[in-house]
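J.: First, the structure itself, so that you have it in front of you.
Bear in mind that the values in this text are calculations on the coordinates, not laboratory data. Keep in mind the model is a prediction, meaning the values are calculated, not measured. When we count neighbours, we look across all protein chains shown, and the Cβ atoms used for this are built from the backbone with ideal geometry, even at glycine.
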Amino acid sequence: MVVYHMVYYLILTAVPFAIVSAFCIHWFTISDEENPERRLQVSRGVYLGFSFQVLVFAWLLFQMGHAKFAYPLYAITFSMLGDWFNLQFPLAKKYMKDPVLGGIFNFAIAQVFFILALHQLITWNELYTGVQPYLITAILLILPAVIFYFRVYHPERSKWVMASAFFYGLVLCFFVSICINAYLLYGGVWIYLAIGALFFLVSDAVMGETTINGTRHPKWEYQVPWVTYLIAQSFLLIGFFLVSHTR
C-alpha cells in the first residue's frame, strides 16, 4: 500500500515537475539577455505554451476526478486568459491601452472560482471557528494593503490599473487566508493548497512591485513571477484533486 501511494503521488506530480523544469531550462537559455522587455518579446509564445500545458493538466485531473474539480478547471482557464493579456501580445496592445488591466480582471475571476472550489470542500462555519482564523484573514488583508501602498502604488499609473490591482490583491489574500486556515484545521493534503496559495501570493507580489508599479524593471521582472506562478498553479491543482477525494 505504501508503494502504491508513492507511485500515485509520483505520477500526479510528474507533469508539474516537467513544466517547471522546462521553464527553468528556458530561463537559463535567456540568461545572457539583460533587458527584461526583450526577454518578454522572445518568451511570449513560450510562456503561453506553459500556461496551456497547465490548462491541459487541469483538464486531465478533471477527467480523473469528479464534479467538485470543475471550479479549479474554470479558474485555470481564466488564468490562461489573464496570461495572454499580461504577456502583452500585439493584438492585446492594439485594443487595450494597458493589457495588464485585462490580466487583472481575468485573474480576479480565477480567484473567485478558486474560492468557490474551496467552498465546495469546506463551509465557512467549519473554517471560521475561534479567533485564530479571523486573525489570519485580517492580517492577510491588512498587511498586503500596506505593502501595496508603499511598493505597488504609483500615482502616474492608470487609476483603473491601480484600483483593480488593489481589489484583486484583496481577493487573492482572502483566498490565501482560507487555504492556510483550512490546512491549520485539517492538515494532511491541505498543505498543497496552502503552499500553492502562498506561491501565488509571492508571484503576484513580485509582479505588483515591478510590472504593475511600472517604474522597476529588474532583469528577472517576468521570470520570477512566472516560475512561482507555475509552481503555485501546480500545487493548487494537485491540492484540489487530492482534497476533493477525501471530502
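J.: Once you place label points 7 Å from the Cα toward the Cβ at THR29 and ILE142, how far apart are they in nm?
T.: Each label point lies 7 Å from its Cα, and together they span 4.8 nm.
J.: Starting from the Cα coordinates of region 143-205, work out the convex hull volume and express it per residue in Å³. Let's see the in-between values first.
T.: Values: hull volume 4.1 nm³, N = 63.
For region 143-205, the hull spanned by Cα atoms encloses 65 Å³ per residue.
J.: Expressed as a rounded percentage, what relative contact order does region 117-247 have, with Cα pairs under 8 Å and six or more residues apart?
T.: Computed value for region 117-247: 27 percent relative contact order.
J.: Here's another thing I want to ask about it. Relative to the compact-globule scaling 2.2 N^0.38 Å, provide the ratio for the alpha-carbon radius of gyration of region 60-116.
T.: Here the answer is 1.30, to two decimals.
J.: With springs only between Cα atoms under 10 Å apart, run a GNM on the chain and tell me which of GLN233, GLN41, GLN223 wobbles the most.
T.: Highest fluctuation among the options: GLN41.
J.: With springs connecting C-alpha atoms under 10 Å apart, model the chain as a Gaussian network and identify which of GLN88, GLN111, GLN63 has the largest mean-square fluctuation.
T.: GLN63
J.: Sorted from largest down, give the three principal axis spans of the alpha carbons of region 68-176, whole angstrom values.
T.: 49, 36, 15
J.: While we're looking at this one, here's another question. Can you tell which of HIS26, VAL54, PRO133 lies farthest toward the positive end of the dipole of region 1-133, using +1 and -1 charges on the Cβ of basic and acidic side chains (Lys, Arg; Asp, Glu)?
T.: Toward the positive end, the furthest listed residue is VAL54.
J.: Taking only C-alpha pairs under 8 Å that are 6+ residues apart, what is the relative contact order of region 63-135 in percent?
T.: Once divided by the residue count of region 63-135, the mean separation gives 38 percent.
J.: Quick one: longest stretch of the chain between exposed loop GluC sites (Glu not before Pro), exposed meaning at most 12 other C-beta atoms within 10 Å and loop per DSSP?
T.: In the chain, the maximal stretch lacking such sites is 35-155.
J.: Comparing GLY130, GLY188, GLY65, which has the greatest mean-square fluctuation in the GNM of the chain with Cα pairs linked when under 10 Å apart?
T.: GLY130
J.: To continue, here is another question. Quick one: compute the contact order of the chain, relative version, from alpha carbon pairs under 8 angstrom and 6+ residues apart, as a percent.
T.: 23 percent.
J.: Sticking with this one: How large is the dipole of region 12-82 about the Cα centre if only Lys and Arg carry +1 and Asp and Glu carry -1, each at its Cβ, rounded to the nearest 20 debye?
T.: Details: 4 positive and 4 negative charges, 63 e Å.
Its charge dipole is roughly 300 debye.
J.: Scaled to the compact-protein estimate 2.2 N^0.38 Å, what is the alpha-carbon radius of gyration of the chain, rounded to two decimal places?
T.: Computed over Cα atoms of the chain, the ratio equals 1.01.
J.: Dipole size in debye (nearest 20) for region 147-229 around its Cα centre, Lys and Arg Cβ +1, Asp and Glu Cβ -1?
T.: Once rounded to the nearest 20, the dipole reads 120 debye.
J.: Alpha carbon centre of region 158-198 versus region 71-113: separation in Å?
T.: Each part reduced to its Cα centre gives a spacing of 18 Å.
J.: Which of the aspartates and glutamates could a cross-linker bridge to LYS93, judged by Cα under 17 Å and excluding same-chain residues fewer than eight apart?
T.: Here the aspartates and glutamates satisfying the reach criterion relative to LYS93 are GLU37, ASP83.
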